[in-house]
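S.K.: Mind having a look at this structure? Questions to follow.
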Amino acid sequence: MAYTGKLGELVKKVEESRASRVGVHYPRMSQEERQDVLEKFHPDYNPNGFRDIKVGVNKGARMPVEMADVFESWSRLRDTKLDLNADPDYDVDVLIIGGGGAGASAALEAYAAGSDVMIATKLRFGDANTMMAQGGIQAADKENDTPAIHYLDVVGGGRFENVPELARALVMDAPLVIKWLEDMGTMFDKKDDGTMVTIHGGGTSRKRMHAARDYTGAEIMRTLRDEVLNKGVTIVEFCAAVEIILDSKGRAAGAVLFNLETEQYLIARAKTVIIATGGSGRLHYRGFPTSNHYGATADGLVIGYRAGAKTIYADSIQYHPTGGAYPPQLLGLLVTEKTRGLGATPLNIKGEQFVYHLETRDVESSAILRECDERGLGVPLPTGITAVWLDSPIIELIHGEGTVEKQLPAMMRQFQRFGVDIRKEPMLIYPTLHYQNGGLLIDENGLTAVENLYVAGEAAGGIHGTNRLMGNSLLDIIVFGRRAGRHAAAVSKEASTPEGLNLDHVEAYHRELEETGAADGRVGPVLLPHYTHR
Amino acid sequence: MSDEIKMVDIFIMGKRYTVPETLTIMDGMEYAGYQLKRGCGCRAGFCGACATVYRIAGDFELKVGLACQTKVEDGMYLAQIPFFPGRKATFDLEEIKPSTAHFAQLYPEVYRCLGCSSCTKVCPQDIDVMQYIAYIQRGDFEKAADISFDCLMCGLCVSRCPANIVHYNAALTARRLYSRYIARPDAFLAERTKAIEAGECDAEIDALVNSNQAKLQEMYNTREIE
């Protein structure tokens with residue numbers, strides 16, 4: 001029994017009302033109510049959460065405050081003298097920064113095209129959000145589906161704000177990506193005749209979600225990683241890129257790396273550079289917990305922006321309504337949407353339902369925030385935060401005993417490890433920071449506004465508009481990782497060794513920071529979160 | 001933190017720190033003042049970065065766990081194993097087949113298993129590691145792939161193996177062999193791939209790409225849902 005003391009008392013209210021809630025339909029919100037709760041409570045609509053960035057190529061663009069803070073920061077190299085044109089520590093055709101799914105895909109394609117490739121990554125190769133993706137990967141590879149049908153889902157889900165060419169590339173490459181992974185020996189869920197098992201995801205009009213049990217991202221990542229290792233690609237772990245180096249013509253020409261362990265700076269010279277550093281959930285916008293990997297601190301966004309790459313939809317963040325809140329070990333952990341799909345409902349401190357349980361992610365999140373903030377009906381936790389109940393035991397009343405174990409085995413294990421039996425006890429949840437919808441703007445080859453500088457994966461923006469659908473992120477990282485890898489390899493083949501390596505853009509950025517006084521004492525990128533649990 | 005929370009003593013590589021009993025080992029290390037570089041990854045039990053060995057004072061048994069998935073306990077002596085120098089055989093998947101002959105060339109040590117079951121006992125995912133090694137020995141790659149699937153590649157099995165088997169790499173090779181050669185390829189997927197490469201899907205999608213938003217919106221709102 002994880003709920004003792006006050007929580008133990010409160011859980012009784014949930015138990016008391018449970019039987020009376022079975023079969024009672026809580027009304028959905030009207031369009032007006034949805035808009036109202038979003039505008040009042042969704043973090044994206046809260047003006048206090050955002051400010052306009054004062055420096056750089058997108059001066060005046062709206063960003064979450066915490067993102068603007070790391071963008072408006074001094075370079076870590078501010079007081080460091082480096083000879084960028086001495087013999088470099090590494091000298092390659094294609095430098096890939098980041099060792100997740102996008103970086104690994106880029107490496108395989110660039111290698112296949114004959115390039116000398118290197119991956120530099122802040123943590124271990126494979127430490128990335130890719131590894132944590134459970135749900136699946138979309139691709140139109142059934143007879144009743146086409147890339148065009150997939151396209152309509154993508155842009156409709158993205159509020160018609162997607163860059164059309166990027167959405168087109170995403171869906172057209174999707175079946176090719178699945179085939180590529182299948183040939184590489186990725187263990188997708190299949191029928192005996194080889195047909196991929198596919199299901200619906202939120203916002204899909206066809207069943208096109210491919211999965212590898214509930215370890216889809218992990219299975220893809222470990223397969224890609226194994227293949228990169230088979231090819232003998234140079235992997236430099238625990239080395240974070242802290243600046244992009246440009247050449248005398250303003251083209252990307254490498255990066256300054258920081259060895260986290262020896263605390264030395266290293267120079268990597270390259271004909272082309274691919275930023276594949278992922279998202280930014282660990283910046284904890286508005287103090288939210290996150291479902292993101294430890295390394296998701298926006299490093300690539302910061303250094304790419306300083307080098308001149310533009311941002312798009314940097315103010316669009318996806319919150320998942322059901323992140324774990326208690327026991328504290330589960331804070332931010334993703335509670336799969338399937339839990340609500342099976343009938344589990346959010347309840348307030350009185351054990352009362354306050355929102356239809358299957359509103360869209362943004363509306364459901366907002367309603368939970370309203371209950372905790374405005375109405376003061378959240379459940380106060382010993383850890384100092386508030387949360388709401390998610391009544392998982394009602395699933396057993398609705399669908400019969402044994403349903404939770406059969407349908408939600410991973411979830412059940414995760415909570416059981418910390419003493420909560422979700423078959424008998426409700427969960428405590430709170431919205432969690434899940435995904436950065438925007439990023440650095442790319443074209444369909446992954447190229448930014450800076451020559452020879454590419455971005456792939458969650459660090460890139462424009463593909464998903466302002467709202468990504470489930471299953472399109474695992475897809476996006478591989479589609480654009482491969483495209484960037486191929487294009488960078490082709491460009492590198494024609495290019496000569498870069499000359500006149502410099503960080504003039506960083507100096508210029510510093511001058512802007514000085515003029516505006518924007519940076520305060522901040523230094524970025526931050527590289528590692530700092531947690532004290534106090 | 002409120003007053004209700006009890007504090008416990010843990011010993012990180014022998015050094016004592018007092019931390020709240022509610023924390024995981026990982027959080028406990030951070031509470032103690034560490035900013036983790038090694039030994040920390042997804043923080044959700046998926047990546048295997050935080051394999052940890054521990055022993056409770058007064059007990060002789062060495063226990064293991066993932067630091068992000070294991071709570072601290074009073075008197076816990078712990079050390080992380082953030083890296084283990086296990087060997088990975090490199091191969092060209094197109095040049096090998098799911099046969100014991102090929103496998104023995106890549107991982108000959110698999111056939112030297114002593115049957116001690118240390119790997120199974122140590123697995124934080126409760127995988128029957130020794131059993132999948134046995135399946136590999138017999139050439140049953142399908143069963144090996146199936147029961148090894150939840151492996152996080154944390155390396156604890158390797159750290160305990162007297163025969164120097166690198167279980168997690170052997171299992172990954174087995175899964176790739178199974179998926180490439182034993183599971184059947186998706187026939188329609190191959191067809192669709194060819195159609196896209198031949199440009200047969202271009203016209204339909206370009207019509208959408210070139211549509212204005214009003215038209216797209218109408219199509220989206222009236223689209224048929226399977």
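The values are calculated or read from the model by the stated rules, or taken from the named source; none is laboratory data. Fair warning: this is a prediction, and the values are worked out from it, not measured in the lab. Here Cβ is always computed from backbone atoms with ideal geometry, including for glycine, and neighbour counts include all displayed protein chains. The accessibility values were calculated without ligands, DNA or RNA, using every heavy atom of the protein model including side chains. Shrake-Rupley method; radii C 1.70, N 1.55, O 1.52, S 1.80 Å.
S.K.: Identify which of B:F91, B:F188, B:F83 has the largest mean-square fluctuation in a Gaussian network model of chain B, with springs joining Cα atoms closer than 10 Å.
M.R.: B:F188
S.K.: Could you state the number of Å between the C-alpha centres of the range A:418-444 and the range A:288-354?
M.R.: The distance from the Cα centre of the range A:288-354 to that of the range A:418-444 comes to 4 Å.
S.K.: With a cut-off of 19 Å, note down the residues of the range A:410-424 whose backbone N falls inside the zone around a label point 7 Å from the Cα of B:K63 toward its beta carbon.
M.R.: A:413-421
S.K.: Relative to the compact-globule scaling 2.2 N^0.38 Å, provide the ratio for the alpha-carbon radius of gyration of the range A:173-292.
M.R.: Cα-based Rg divided by the globular estimate yields 1.43.
S.K.: Expressed as a rounded percentage, what relative contact order does the range A:242-348 have, with Cα pairs under 8 Å and six or more residues apart?
M.R.: Reported relative contact order: 17 percent.
S.K.: Just to be sure I understand the model, the point goes 7 Å from the Cα along the line to the Cβ. What's the resulting B:A101 to A:D373 distance in nm?
M.R.: Computed distance between label sites B:A101 and A:D373 equals 6.8 nm.
S.K.: List the GluC sites (Glu not before Pro) within the range B:92-186 that DSSP assigns to loop and that have no more than 10 neighbouring Cβ atoms inside 10 Å.
M.R.: In loop regions of the range B:92-186 (DSSP not H, G, I, E or B), the sparsely surrounded GluC sites (Glu not before Pro) are B:E94, B:E95.
S.K.: Continuing with the same structure: Under 25 Å Cα to Cα from A:K6, which lysines show up? Leave out anything in the same chain fewer than 8 places away.
M.R.: A:K350, A:K424, B:K6, B:K71
S.K.: Let me ask another. Which of A:V242, A:M29, A:G103 sits farthest toward the positive end of the charge dipole of chain A, with +1 on the Cβ of Lys and Arg and -1 on the Cβ of Asp and Glu?
M.R.: A:M29
S.K.: Classify chain B: rounded, prolate or oblate, from the alpha-carbon gyration tensor (a ≥ b ≥ c, eigenvalue square roots; a/c under 1.5 rounded; otherwise prolate if a/b is larger than b/c)?
M.R.: In terms of gyration-tensor shape, oblate.
S.K.: With the dipole of the protein assembly as shown worked out from charges on the C-beta (+1 for Lys and Arg, -1 for Asp and Glu) around the Cα centre, which of A:Y531, A:T4, A:G341 lies farthest toward the positive end?
M.R.: Of A:Y531, A:T4, A:G341, it is A:T4.
S.K.: Calculated FRET efficiency, B:N212 and A:D443, Cβ-Cβ r, R0 30 Å, to nearest 0.05?
M.R.: Rounded to the nearest 0.05, the efficiency is 0.90.
S.K.: Do any GluC sites (Glu not before Pro) in the range A:105-190 lie in a DSSP loop with no more than 15 other beta carbon atoms within 10 Å, and if so, which?
M.R.: For GluC sites (Glu not before Pro) across the range A:105-190 that sit outside H, G, I, E and B with at most 15 neighbouring Cβ atoms in 10 Å, the list reads A:E143.
S.K.: For B:R138 paired with A:V22, estimate the spin-label separation in nm (one decimal), with each label point 7 Å from Cα along the Cα-to-Cβ line.
M.R.: Taking the two extended label points, one gets 4.4 nm.
S.K.: Now for a separate question. Over the range B:88-179, give the accessible area per residue in Å² for a 1.4 Å probe, as an integer.
M.R.: The answer is 40 Å² per residue.
S.K.: Under Stokes-Einstein, with the Kirkwood radius over Cα pairs standing in for Rh, what whole-number D in µm²/s applies to the range A:411-534 at 20 °C and 1.002 mPa s?
M.R.: For these conditions, the coefficient is 112 µm²/s.
S.K.: Provide the FRET efficiency to the nearest 0.05 for the A:N259-A:L358 pair, computing r from the beta carbons and using R0 = 56 Å.
M.R.: Result of the calculation: an efficiency of 0.70.
S.K.: Right, here's the next one. Rounding to the nearest 20 debye, state how big the charge dipole of the range A:426-505 is about its Cα centre with +1 on each Lys and Arg Cβ and -1 on each Asp and Glu Cβ.
M.R.: Once rounded to the nearest 20, the dipole reads 360 debye.
S.K.: Right, here's the next one. Report the calculated FRET efficiency for B:E94 and B:N221 (r = Cβ-Cβ distance, R0 = 41 Å), to the nearest 0.05.
M.R.: The formula returns an efficiency of 0.30 here.
S.K.: Quote the charge dipole size of the range A:387-534 about the Cα centre in Debye, to the nearest 20; the model charges only the Cβ of Lys and Arg (+1) and of Asp and Glu (-1).
M.R.: Dipole magnitude for the range A:387-534 comes out near 700 debye.
S.K.: Also: For every other residue with a beta carbon closer than 9 angstrom to the beta carbon of A:V70, add +1 if it is Lys or Arg and -1 if Asp or Glu, then tell me the sum.
M.R.: -3
S.K.: Sticking with this structure for a sec: Could you sort the residues of the range A:158-186 by number and keep only those whose accessible area is reduced by 40 Å² or more in the all-protein-chain setting relative to the chain alone, 1.4 Å probe?
M.R.: At a threshold of 40 Å² (probe 1.4 Å), the residues of the range A:158-186 that become less exposed are A:F160, A:R168, A:M172, A:L176, A:K179, A:E182, A:D183, A:G185.
S.K.: Per residue, how much accessible area does the range B:1-77 have with a 1.4 Å probe, in Å²?
M.R.: 42 Å²
S.K.: Can you give me the % of accessible surface on the protein assembly as shown that is carbon or sulfur? Probe 1.4 Å, all protein chains present, nothing else counted.
M.R.: 48 percent
S.K.: What accessible area per residue comes out for the range A:334-375, rounded to a whole number of Å², with a 1.4 Å probe?
M.R.: 31 Å²
S.K.: Roughly how large is the A-B contact in terms of buried accessible area, totalled over both chains, probe 1.4 Å, nearest 100 Å²?
M.R.: Roughly 7400 Å².
S.K.: Another question, if that's okay. Between the chain alone and the structure with every protein chain in place, find the residues of the range B:14-32 that drop at least 20 Å² of accessible area; heavy atoms, 1.4 Å probe.
M.R.: Listed in order, they are B:T22, B:T24, B:D27, B:E30, B:Y31.
S.K.: Any residues in the range B:155-193 that have 50 Å² or more less accessible area with all protein chains than in their chain alone, probe 1.4 Å, and which are they?
M.R.: Checking the loss per residue gives B:L172, B:R176, B:S179, B:R184, B:D186, B:F188, B:L189, B:R192.
S.K.: Can you tally the net charge around A:H464? Count Lys and Arg as +1, Asp and Glu as -1, for every other residue whose Cβ sits under 11 Å from the Cβ of A:H464.
M.R.: That sum, taken over residues with Cβ under 11 Å, equals -1.
S.K.: Ordering A:R18, A:R361, A:R413, B:R138 by accessible area with a probe of 1.4 Å, largest first, what comes out?
M.R.: Result, largest first: B:R138, A:R413, A:R361, A:R18.
S.K.: As a test, work out the antiparallel percent of DSSP beta bridges whose residues both lie in chain A, rounded to the nearest 5.
M.R.: Within chain A, antiparallel bridges account for around 65 percent of the total.
S.K.: Explain nothing, just the number: dipole magnitude of the protein assembly as shown about its Cα centre with +1 on each Lys and Arg Cβ and -1 on each Asp and Glu Cβ, in debye rounded to the nearest 20.
M.R.: 1340 debye
S.K.: Here's a follow-up. For peptide B:44-57, how many partner chain Cβ atoms fall within 10 Å of a residue's Cβ, on average?
M.R.: Whole-number average of other-chain Cβ neighbours for B:44-57 is 4.
S.K.: Please report, in Å, the Rg and the Dmax of chain A, where both are computed over Cα atoms only.
M.R.: 23.5, 75
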